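Data first, discussion second: the structure below is written as structure tokens.
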Amino acid sequence: MNHAETCGCPVVRGGKLLLVDPAGVVGEASPEDCAFSTMQCLERTAGGRESTVAVVAGSNEQAQRFALPDLVGMLKRSVRVCRVVAVVSHRHRMLLESFRRNGADFVAVMNFGRLDAAGIEEAVMRLGAEDSLERQLALVCPFLNYSAINARTELTVCGAYRNRMVLGPQRLRSCCETASHAQCGQFLTPRCDA
């Protein structure tokens with residue numbers, strides 16, 4: 001039994017799925033199934049036809065990316081939307097924590113290189129306990145820190161190595177953003193002292 005059934009929410013087949021895609025990264029999304037701004041999303045959900053909203057965090061713009069959890073909070077305070085799914089390209093610890101604080105029900109980690117509306121709908125229909133924010137955050141190393149270079153670029157650094165080790169995408173995806181981080185030498189013997 002999935003979360004939608006246990007909380008009394010209709011599964012996507014029983015209600016309408018609305019994609020929120022401010023960055024425009026979802027291919028083949030029809031305008032009637034997609035909102036491209038916060039206001040458009042709030043207007044569309046006011047009618048109460050959407051039981052599930054999938055919020056796509058596709059922008060590298062930090063201000064835009066971190067505004068999406070606030071939208072999730074507004075949607076969760078509305079009685080018209082039953083569940084909200086955060087769609088992300090990787091497990092960015094700060095972003096996931098922000099989605100969790102604002103009440104997102106699930107997170108779907110997807111390949112943004114091949115992201116389309118049908119793929120998101122299929123992923124949303126398969127969500128289960130392993131896709132909860134708590135479970136996904138447990139996979140991420142708690143020592144990950146982020147240092148902004150400019151509005152679009154940030155470095156991910158290892159706090160267990162005094163924030164002196166910059167982590168590349170391959171290391172993040174293979175170790176730091178997975179359960180494998182528990183076997184990492186820096187995680188096991190952190191050098192956080194000055």
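The values are calculated or read from the model by the stated rules, or taken from the named source; none is laboratory data. Just so it is clear, the structure is predicted and the values come from calculations on it, not from any experiment. No Cβ is skipped: glycine too gets one built from the backbone with ideal geometry, and neighbour counts run over all protein chains shown.
Going residue by residue through the stretch 94-109, is there one that turns out to be under 12 Å from Val56 (Cβ atoms) and of a type in the set (Ser, Thr, Tyr)? Looking for residues that are under 12 Å from Val56 (Cβ atoms) and of a type in the set (Ser, Thr, Tyr), one finds none in the stretch 94-109, hence no.
From the list Arg100, Arg91, the lone residue that is in contact (Cβ under 8 Å) with a residue 12 or more places away in the chain and either part of a helix (DSSP H, G or I) or in the same structural domain as Cys158 (by TED's automatic domain parsing) (or both) is Arg100. Within the stretch 40-59, the residues that satisfy the criterion of being under 13 Å from the mean Cα position of the chain (by Cα) and in a loop (DSSP other than H, G, I, E, B) are Ala57, Gly58, Ser59.
No other residue among Asp131, Asp105, Asp116 is among the acidic types (Asp, Glu) and under 15 Å from Pro69 (Cα atoms) apart from Asp105. The set of residues from the stretch 84-103 being in contact with a Lys or Arg (Cβ under 8 Å, 6 or more places away or on another chain) and either aliphatic (A, V, I, L, M) or buried (at least 24 other Cβ atoms within 10 Å of the Cβ) (or both) comprises Val84, Leu95. In the stretch 20-48, the qualifying residues are those that are in contact with a helix residue (DSSP H, G or I) (Cβ under 9 Å, 6 or more places away or on another chain) and polar (S, T, N, Q), and the one that is surrounded by the most Cβ atoms within 10 Å (Cβ to Cβ) is Thr45.
Once the stretch 135-164 is narrowed to residues that are modelled with pLDDT under 95, charged (D, E, K, R) and under 19 Å from the mean Cα position of the chain (by Cα), the residue that is nearest to Ala179 (Cα to Cα) is Glu154.
Among the residues of the stretch 63-88, those identified as in a helix (DSSP H, G or I) and not charged (D, E, K, R) are Ala63, Gln64, Phe66, Ala67, Leu68, Pro69, Leu71, Val72, Gly73, Met74, Leu75.
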